[in-house]
Amino acid sequence: MAAYKKFYDLSQPVYDHCPGWPTYEPTVVRYEATYEKDRFNAEQIRLNSHTGTHTDAPFHFYPEGETIDQMDVSLFQGDAVIVDLRGIIQAKQGIEVSHLEAYADRIQPGSIVLFATGWGAKRSFDQEYMYDWPYLTGSAADWLKARKIKGVGIDAMSMGGWYEGTGRPCHESLLAGGIWILEEINIPDELVEIGQCYLMAFPICLKGFSGAPVRAIAAV
């Protein structure tokens, strides 16, 4: 591995009642031990595995698909291409093949593709973040799958659109091709301007799960 000079944390924080998929129960954090009482601190957390920055495995949409613990851990790192859609893509708009064509020569077999829409900075309980985020269309997902990428990430609540009904088109296309999906990242503008990075997005090893939280780190 090359000697990297700077690292960027692309992870959205998880905390008590943080933003999450609208139909899931909210995240709950409580102290199971406190320093004042127990002379040490220990926390308990209840959250859906698809909360905050997380990876989707094929099992998320396919009962016969691989679960997060069954996937080859080497898949979750590699050279990433950042597709800059800030100021281009709008609320509730789909990312189409036309948005990707300018990056065609950079998206190679084994690439990871990261979509920078600007939505990561909007994280809140507002309508725009919770429901109206931009999403990847099924046709654009097919385009990426044909290029044999290994992973794709987005700085929004989900890769698919809320109004599509849980975002099935792109999820079904990508996950059927064994392409993992990284959702709810936050890509700093400085990194978007660089346009590429080495991504490490290793999920927690949760046995039998369709997804898992991730600490996503970009190195340049």
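List of remarks:
- Three-way shape call for the stretch 1-76 based on the alpha-carbon gyration tensor, with the a/c threshold at 1.5: oblate
- For ALA104 and ARG46, the difference between the fully extended length at 0.36 nm per residue and the C-alpha to C-alpha distance is 16.8 nm.
- Convex hull (Cα only) mean projected area of the chain, reported in nm² to one decimal: 13.2
- Charge-dipole axis of the chain as Lys and Arg at +1 and Asp and Glu at -1 on Cβ define it, positive-most pick from PRO213, MET200, GLY94: MET200
- Stretch gain in nm, segment ARG86-TYR35, where the contour uses 0.36 nm per residue and the Cα spacing is subtracted: 13.9 nm
- Cross-link pairs exceeding 26 Å in C-alpha to C-alpha distance, out of LYS122/LYS145; LYS5/LYS122; LYS92/LYS122; LYS5/LYS145, comprise LYS122/LYS145; LYS5/LYS122; LYS5/LYS145.
- Computed from the alpha carbon atoms alone, the convex hull of the stretch 107-180 holds 73 Å³ per residue.
- Ordered by solvent-accessible area of protein heavy atoms (1.4 Å probe), largest first, the residues GLU25, GLU32 come out as GLU25, GLU32.
- The stretch 137-220: relative contact order in percent, alpha carbon pairs under 8 Å with at least 6 residues between: 26
- Sparse-neighbour loop sites [trypsin sites (Lys or Arg not before Pro); the stretch 12-43; at most 10 other C-beta within 10 Å; DSSP]: ARG39
- Extension gain (nm, one decimal) between CYS205 and CYS18, 0.36 nm per residue minus Cα-Cα: 65.1 nm
The values are calculated or read from the model by the stated rules, or taken from the named source; none is laboratory data. Here the structure is a predicted model, which means the values were calculated and not measured. Note: ideal-geometry Cβ built from the backbone for every residue, glycine included; neighbour counts use all protein chains shown. Each accessible area value is taken on the protein alone, full model and side chains, heavy atoms only, with ligands, DNA and RNA left out. Shrake-Rupley method; radii C 1.70, N 1.55, O 1.52, S 1.80 Å.
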